[in-house]
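Engineer: Attaching a single structure in structure tokens format; questions to follow.
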Amino acid sequence: MVRLFHWGSVALLPLCWFTAEQGMMEWHMTCAYLLMVLLMVRLLWGFIGTTTARFNHFVRRPGAVLHYLFNWHAHERPYFGHNPAGGYMVVVMMLLLMAQVMTGLFATDDILAEGPLSSSVSGALAGTMTSLHHWFFDLIVVTVLMHLCAIVFYRINGVNLVEAMITGYGMTAGGRRSNAVAPICWLVPLVLVGGTVLYWLILPLW
């Protein structure tokens, strides 16, 4: 599920941007709804999922993050899952995606398209949500660039962060480990949430 969310976001975010830039608002909203499905299931998985997917596993105290940042070179990849700094990056990215999706539900361009909840608020509030929707996307781009820089930095220093997100295996102090589960475990919430969004949001859109 973690890898599905990661690579799904990698694919859907550029598609959301491209379809919006081209005025393909039905496709833009469809991609956004699919991203919302992945985000909702990932949030749920953060509480009931596998060990490394749970928030209480990788969200550590600020002191632990500072200690890691000042002493990262002394670590021999002992972390099973995200390191303390990487855990906070996951939280920041998920919060930004949540904000992006939520503001998009209320956004409107007053011409071609409007979010499904835009008519339930005043025009002024819908305009504010639209501005925030654009602003949060800019923040997401900055965060993605920081993430890519971190990947390159670690790779130069001998740590391949991409491998674990492709294969599901990672190198730790205890050797090569995986925390994979049977697909049925995360397919159930994915189908339930995806089916709900498909019925209430995507099908009416088309």
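The values are calculated or read from the model by the stated rules, or taken from the named source; none is laboratory data. Just so it is clear, the structure is predicted and the values come from calculations on it, not from any experiment. As a convention, Cβ positions derive from the backbone with ideal geometry for all residues, glycine included, and neighbour counts pool all protein chains shown. Only protein heavy atoms, including side chains, enter the accessible area calculation; ligands, DNA and RNA are left aside. Shrake-Rupley method; radii C 1.70, N 1.55, O 1.52, S 1.80 Å.
Engineer: Considering only protein heavy atoms and a probe of 1.4 Å, how much of the accessible area of the chain is carbon and sulfur, as a whole percent?
Structural biologist: Summing carbon and sulfur atoms, their accessible area is 71 percent of the total for the chain.
Engineer: Further, regarding this structure: Two decimals is fine: what's Rg over Rh for the stretch 1-115, C-alpha atoms, Kirkwood radius as Rh?
Structural biologist: With Rg and the Kirkwood Rh in hand, the quotient comes to 1.08.
Engineer: Right, next: Taking the Cα centre of the stretch 1-113 as the origin, how large is its charge dipole in debye, to the nearest 20, when only Lys and Arg (+1) and Asp and Glu (-1) carry charge on their Cβ atoms? Could you put the intermediate results ahead of the total?
Structural biologist: On the way: 6 positive and 5 negative charges, 145 e Å.
For the stretch 1-113, the charge dipole is close to 700 debye.
Engineer: While we're looking at this one, here's another question. Would you kindly derive the ³J(HN,Hα) couplings of the stretch 132-137 from the backbone phi angles with the Karplus curve 6.51 cos²θ - 1.76 cosθ + 1.60 (θ = phi - 60°), listing them in order in whole Hz, with x for Gly and Pro?
Structural biologist: Those phi angles translate into 5, 4, 5, 5, 5, 5 Hz.
Engineer: Please work out how much length the chain gains when fully extended from Val162 to Leu95, using 0.36 nm per residue of separation minus the C-alpha to C-alpha distance, in nm with one decimal.
Structural biologist: 21.9 nm
Engineer: At 1.4 Å probe radius, can you tell me the per residue accessible area of the chain in Å²? Please report the intermediate quantities before stating the final value.
Structural biologist: Working: 12050 Å² over 206 residues.
Per residue, the chain has 58 Å² of solvent-accessible surface.
Engineer: Still on this structure, I have one more. Over the Cα atoms of the stretch 83-132, how large are the radius of gyration and the largest Cα-Cα distance (Dmax), in Å?
Structural biologist: In Å, with Rg to one decimal and Dmax whole: 14.1, 45.
Engineer: On a full-extension model of 0.36 nm per residue, what is the gain between Leu66 and Val197, subtracting their alpha-carbon distance, rounded to one decimal in nm?
Structural biologist: Gain on extension, Leu66 to Val197, equals 43.2 nm.
Engineer: Can you find, among Tyr199, Tyr88, Trp7, the residue sitting farthest towards the positive end of the charge dipole of the chain, where Lys and Arg contribute +1 and Asp and Glu -1 at Cβ?
Structural biologist: Tyr88
Engineer: P(r) tail for the stretch 117-169, what percent of Cα pairs lie past 12 Å?
Structural biologist: Details: 1013 of 1378 pairs.
Of the Cα pairs, 74 percent sit more than 12 Å apart.
Engineer: If you put +1 on each Lys and Arg Cβ and -1 on each Asp and Glu Cβ, how big is the dipole of the chain around its Cα centre, in Debye rounded to 20?
Structural biologist: It works out to roughly 1060 debye.
Engineer: Could you give the nm distance between label points at Val188 and Ala150, where each point is 7 Å from its Cα heading toward the beta carbon?
Structural biologist: The two pseudo-label positions are separated by 3.2 nm.
Engineer: Give me a comma-separated list of calculated 3J(HN,Hα) values for the stretch 121-129, in order, Karplus coefficients 6.51, -1.76, 1.60 applied at θ = phi - 60°, integers in Hz, x for any Gly or Pro.
Structural biologist: Values, residue by residue: 10, 5, x, 5, 5, 4, x, 5, 4 Hz.
Engineer: Taking the Kirkwood radius as the inverse of the mean 1/r across Cα pairs, report the Rg/Rh of the chain.
Structural biologist: Result: Rg/Rh = 1.01.
Engineer: Which whole-number percentage describes the relative contact order of the chain, with Cα contacts under 8 Å and a sequence gap of 6 or more?
Structural biologist: 24
Engineer: ³J(HN,Hα) across the stretch 152-164 via Karplus (A = 6.51, B = -1.76, C = 1.60, θ = phi - 60°), whole Hz, x for Gly/Pro?
Structural biologist: 5, 4, 5, 5, 4, 9, x, 10, 9, 6, 6, 4, 5
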